[in-house]
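Chemist: This is the structure I have questions about; it appears just below.
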């Protein structure tokens, strides 16, 4: 499993994001202000997504996390930890 941040111009997986938050308007708003991370297999299959929204210096809120319904229960539940650790004081 590989976690990568989406770069400028890369399209976030809206279908997955809407599993966790059904408001497309809200998802679009926090995608503009936050960082979107995707989880992919070695074969480049998209497994999950999460969005971190900076709230204060050294602090971020995990505002969306979703896993493809066909892949739920397969992971080690540590996927977002490396991204979140950078916000620890």
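Where a number appears in this text, it was derived from the coordinates with a stated rule and is not lab data. Every value quoted in this text rests on a predicted model; they were computed, and no experiment measured them. FYI the Cβ positions are ideal-geometry reconstructions off the backbone, even for glycines, and counts take in every protein chain you see.
Chemist: Could you check segment 21-46 and list, in sequence order, the residues that are over 15 Å from residue 71 (Cα atoms) and surrounded by 12 or more Cβ atoms within 10 Å (Cβ to Cβ)?
Modeler: 21, 26, 27, 28, 29, 30, 31, 34, 35, 36, 37
Chemist: Of the residues that make up segment 50-59, is at least one surrounded by 10 or more Cβ atoms within 10 Å (Cβ to Cβ), within 17 Å of residue 71 (Cα to Cα), in contact (Cβ under 8 Å) with a residue 12 or more places away in the chain and within 13 Å of the chain's Cα centre (by Cα)?
Modeler: Yes, some residue in segment 50-59 is surrounded by 10 or more Cβ atoms within 10 Å (Cβ to Cβ), within 17 Å of residue 71 (Cα to Cα), in contact (Cβ under 8 Å) with a residue 12 or more places away in the chain and within 13 Å of the chain's Cα centre (by Cα).
Chemist: Next question, about the same structure. Quick check on residue 15: is it under 20 Å from residue 71 (Cα atoms), without any contact (Cβ under 8 Å) to a residue 12 or more places away in the chain and either touching a helix residue (DSSP H, G or I) at 6+ places or on another chain (Cβ under 9 Å) or in a helix (DSSP H, G or I) (or both)?
Modeler: In short, yes.
Chemist: Limited to segment 18-34, what total is found for residues that are more than 15 Å from residue 52 (Cα to Cα) and outside any helix (DSSP H, G or I)?
Modeler: The total comes to 2.
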